[in-house]
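First the structure, in the form of structure tokens, and then the observations on it.
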Amino acid sequence: MGGFDFTKRGSFGSRLGVLAAAAGSAVGLGNIWRFPYVTGENGGGAFILVYLVIVFAIGIPVMMSELVIGRRSRRNPVGAFRILAPNKPWYWVGVMGIAGAFMIMAFYTVVAGWTLEYLYQTVIGGFQGRDSDALKQMFEGFRGESLRPALWFAVFLLATSGIVWGGVRKGIENSSKIMMPLLFILLIILCIKSLTLPGSSKGLVFLFSPDFSKITGTTVLMALGQAFFSLSIGMGTLITYGSYIPKDNNLALTSVQVSMVDLLVAILAGVAIFPAVFAFDISPKSGEALTFVVLPGIFNQMTGGMIFSFAFFTLLAIAALTSTVSVLEVIVAYLSEQLDLSRRMAIIISTAAIFIVGGATSLSSGMFKGIKLFGLNIFDLFNFTTANILLPLGGLFLVAFLGWFFPQKHTKDELSNGGTISIGYYRFFIITIKFIAPAAIALVFLNGLGII
Ligand code: TRP
């Protein structure tokens, strides 16, 4: 997504450029693919309620913390801690982030590849005349193949690298300013269509009437992981982006705006998917297949559905691309700044590494189906461990660092832009990052993993 010139530091031009880049990172498959299926698997309304609380109480403060660390240090995640806490082991938080970035790229790019297959299927009319069962079979059949998913994965990875290679120019910034609103409008159209399907009201009940008995330790951990994943926090993406943000940007305001856009897109995706889930009599617990089965089903019911389908999967692929670009940028910034590689070398090396690990991930429902660790295949392992373990742990260390170890006068200075804007929320923020967020993350984490 737009705004950043990768050859120079501090290169987000305008306020809108910052928002476009950060929202571009946040809004992606996490909102439209992951949020609906995780909601479906974890009880619907109750999950969404927990999710909302987490976004406000933990998500926004963690996002602010990352932006503060990034803009203060003007470095990649490892370099940031090396500068802000010299000769201390804090830089391991950055190292963890780089590892997380690899793991996210490895499975996220695979899912992004699926959107390309679905674009292709739209063009050849592959959904037409298929009911939900047939659409589900189509999805599983495609995933189980070895070559096709891997090919689409490779195409998507190359597109990501291509953008990071060329630097993100005006063209992308400008086009994303059009694409994002378009995605939004299409989502709303989908919501309307979904809500007018016979039998759809059960979907709204499922989404918005919380059944508190469904809230368990696992539910809360899943909501925490989903919030971190969707907001792009806990891994250094926003340290890296923060390092490109101009001094006069109001970091708190940016965090709130990005989080609200992200939340809205996720909820809209839910409202587009769940009424149709019940109208088509699909199980809300269909897992990773959910979005890819339900959406074509809706398009099949629309006049001109294939046009909508084409537009939608194109925009979804672009939304995913602005997210993969932000993750790859973390790795590239790290390799070029810390290991003194040229930017191009850094891109080649990281792309090759992701190609290998992501290739294996892509085959995890095909050729490598039998390979399992802790009962999870490669794909599920990366998906689960990044969101539910690495990101919350990263977030915990990030806020603990800022809350307990970093001199508060610097934090105040960053949030108030050198005393030029008021930070009435500061006391609340500091209490949150010192006590509430670390305690909540630790608790959810240990409880969700069954340790307490
Ligand atoms: N937030 C993006 C999405 O929802 C994915 C993403 C981009 C991400 N950067 C990240 C997830 C950093 C975790 C950490 O699609």
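The values are calculated or read from the model by the stated rules, or taken from the named source; none is laboratory data. A quick note: this is a predicted structure, and the numbers were derived from the prediction, not measured. Glycine also receives a Cβ, built like all others from the backbone with ideal geometry; neighbour counts cover every protein chain displayed. Ligands, DNA and RNA are excluded from the accessible area calculation, which covers all protein heavy atoms including side chains. Shrake-Rupley method; radii C 1.70, N 1.55, O 1.52, S 1.80 Å.
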Carbon/sulfur fraction of accessible area - the chain, other protein chains in place, 1.4 Å, %: 69
Separation in nanometres of the label points that stand 7 Å from Cα toward Cβ, at Phe310 and Lys214: 3.8
Counted charge near Ile60, where neighbours are those whose Cβ lies closer than 12 Å (Asp, Glu -1; Lys, Arg +1): -2
Where only alpha carbons of segment 1-136 are counted, the Rg and the Dmax (Å): 19.5, 64
Overall form of segment 51-97 per C-alpha gyration tensor (a/c, 1.5; a/b vs b/c): prolate
From the C-alpha gyration tensor of segment 348-400, square roots of 5λ in Å: 25, 17, 6
Residues of type aspartates and glutamates that Lys372 reaches as a straight line, Cα spacing below 17 Å, ignoring anything fewer than 8 places off in the same chain: Asp380
Hypothetical label at Leu158: residues of segment 312-337 whose amide nitrogen lies under 18 Å (7 Å Cα-Cβ projection): 318, 321, 325
Cα convex hull volume per residue for segment 325-375 (Å³): 99
Descending Cα extents along the principal axes, segment 199-261, whole Å: 50, 26, 17
Size of electric dipole in segment 267-382: Cβ of Lys, Arg +1 and of Asp, Glu -1, about Cα centre, debye, nearest 20: 180
Proximal aspartates and glutamates to Lys193, defined as alpha-carbon separation beneath 20 angstrom and excluding residues fewer than eight positions away on the same chain: Asp131, Asp281
HN-Hα J in Hz across segment 72-85 - Karplus 6.51, -1.76, 1.60, θ = phi - 60°, x for Gly and Pro: 5, 8, 6, 9, 5, x, 6, x, 4, 6, 5, 7, 7, 9
Shape of the chain, Cα gyration tensor, a/c cut at 1.5: prolate
Within the chain: Cβ-based charge dipole about Cα centre, in debye rounded to nearest 20 (Lys, Arg +1; Asp, Glu -1): 980
Karplus (6.51, -1.76, 1.60) ³J(HN,Hα), θ = phi - 60°, over segment 65-70, in Hz, Gly and Pro reported as x: 4, 4, 5, 4, 4, x
Unsatisfied cross-links (Cα-Cα over 20 Å) in the set Lys247/Lys434; Lys247/Lys412; Lys136/Lys285; Lys136/Lys369: Lys247/Lys434
Unit charges at the beta carbon, dipole of the chain: most positive-side option, Ile54, Ile430, Ala360: Ile430
Nearest-0.05 FRET efficiency for Asp133 and Thr196, computed from C-beta distance (R0 25 Å): 0.65
Once the Cα gyration tensor of segment 224-383 is diagonalised, semi-axes √(5λ) in Å: 32, 24, 16
Positive-end residue, segment 283-381 charge dipole about Cα centroid, Cβ charges, pick of Met345, Ile298, Val330: Ile298
Separation of the Ile185 and Ile451 label points, Cα + 7 Å toward Cβ, nm: 4.9
Rounded to whole Hz, the Karplus (6.51, -1.76, 1.60) HN-Hα couplings of segment 296-310, x for glycine and proline: x, x, 5, 4, 4, 8, 9, 5, x, x, 5, 5, 4, 4, 4
